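Novice: This is the structure I want to talk about, given as structure tokens.
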Amino acid sequence: MVQARRPEPAEDTAAATEPASRLVANIERVVVGKPDEVALVVAAFISGGHVLLEDVPGTAKTILARALAQSIDGATFSRIQCTPDLQPTDVTGLSIYNQKTREFEFRQGPVFANVVLVDEVNRAMPRTQSALLEAMAERQVTVDGSARRLPEPFLVIATENPIEQEGTFPLPEAQLDRFALQTGLGYPSEDDEVSIVLAQRHGHPLGALGPVISADDVRAVQRAVEDVYTDDLLLRWTVELVRATRRVEGVAVGASVRGSVTLERTARAWALLHGRAHVVPEDIELLFLPVLGHRLLLTASFLAETRALGREEALGRIRARCLELVPPPGPDWDG
């Protein structure tokens, strides 16, 4: 048994937990009965990542994005409804000639917002989808040879509808890898659905949702995430677990190095949201599928074998096989 010392909570980390928890609680006022899913999105946000939501229509994906933006004082929100005729300049903006000044003026596109909802991203043409790559990775867009910085904080929440594939353009693996995590909200429980119906009897609660944190609070939380402690033993296990996806049976192409970086970074954010200044193995295990699932290309034989189970259950089996190959470490904190 490897002995390790449990770190004391850093002052900045402890102070950042309160505004982060306030943000989650405010979103849960309008996204009812989905605490884990909301926490996942916020964890991606405060760790600098982006989110892909794959779910059926009417499960509060848009509400979640709007609630996140409205919870931050002064934050801007924009929505891009993807269609096959959407052009890259419809996302990034373009330069327009002003006849009065006889100069070209840049008109910002909807990507210039703090929270950008890209609705049904797989309905946009690949050329338009690729326009998001630079924005997501570099926090900037380049138009007419000039790079323009996007506002901070910046979060892209893209959605996909899994039940309609006609007329869609599946995201290439390179773009899927840009999303920190993929998740879905799913249908609420019966009691939660009753609460939702009653809450919207006199208008949507989103209309009364106000900010609970400032942009400075967000930046402080993001800095605090960097200070959350990951033991060297746990860091090496995280990397070994990601590397196991590249050799486990059933996976044709495993997660990239970006998967290792994102898994460790998101685990630090998840720990902070739960009031801890250190990462524990359970954080890595819980985040394995949301962070790595969409990065894995499964073999045809494994897909045929698990066709009746669905992708989520199939990925669960891959996760179990990876944990068998690389069991979690068990440090003796009290030793």
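The values are calculated or read from the model by the stated rules, or taken from the named source; none is laboratory data. Bear in mind that the values here come from a model prediction, so they are computed numbers and not experimental data. Neighbour counts run over all protein chains shown; Cβ positions are idealised from the backbone, glycine included. Surface areas here come from the heavy atoms of the whole protein model, side chains and all, with no ligands, DNA or RNA. Shrake-Rupley method; radii C 1.70, N 1.55, O 1.52, S 1.80 Å.
Novice: Going residue by residue through region 280-289, is there one that turns out to be open to solvent by 60 Å² or more (accessible area, probe 1.4 Å) and more than 22 Å from Glu240 (Cβ to Cβ)?
Specialist: No, every residue in region 280-289 fails to be open to solvent by 60 Å² or more (accessible area, probe 1.4 Å) and more than 22 Å from Glu240 (Cβ to Cβ).
Novice: Looking at Leu315 and the list (1) in a helix (DSSP H, G or I); (2) over 17 Å from the mean Cα position of the chain (by Cα); (3) in contact (Cβ under 8 Å) with a residue 60 or more places away in the chain, which single condition is not satisfied?
Specialist: Single failed check for Leu315: (3).
Novice: A further question follows. Can you go through Arg265, Arg247 and tell me which one is among the charged types (D, E, K, R) and within 15 Å of the chain's Cα centre (by Cα)?
Specialist: Every option except Arg265 fails the conditions.
Novice: I've got another one for you. What residue, of Arg276, Arg223, is touching a Pro at 6+ places or on another chain (Cβ under 9 Å) and open to solvent by 30 Å² or more (accessible area, probe 1.4 Å)?
Specialist: Arg276
Novice: Here is a further query. Which residue pairs have Cβ atoms closer than 8 Å, lie 6 or more positions apart in sequence or on different chains, and pair a first residue in region 138-152 that is at negative phi and without any contact (Cβ under 8 Å) to a residue 60 or more places away in the chain with a second residue that is of a type in the set (Val, Ile, Thr) and in a strand (DSSP E or B)?
Specialist: Cβ pairs passing all conditions: Ala147/Val141; Arg148/Val141; Arg148/Thr142; Leu150/Val141.
Novice: On the given criteria, is Glu152 in contact with a helix residue (DSSP H, G or I) (Cβ under 8 Å, 6 or more places away or on another chain), of a type in the set (D, E, K, R) and more than 30 Å from Arg311 (Cα to Cα)?
Specialist: Answer is yes for this residue.
Novice: Under 6 Å between Cβ atoms, which residue pairs at least 6 apart in sequence (or on different chains) link something in region 85-98 that is small (Gly, Ala, Ser) with a partner that is assigned to a loop (DSSP other than H, G, I, E, B)?
Specialist: Sorted first by the residue in region 85-98, then by its partner, the pairs are Gly93/Gly109; Ser95/Asp144.
Novice: Looking at (1) under 19 Å from the mean Cα position of the chain (by Cα); (2) basic (Lys, Arg); (3) modelled with pLDDT under 90, can you tell me which one Arg127 breaks?
Specialist: (1)
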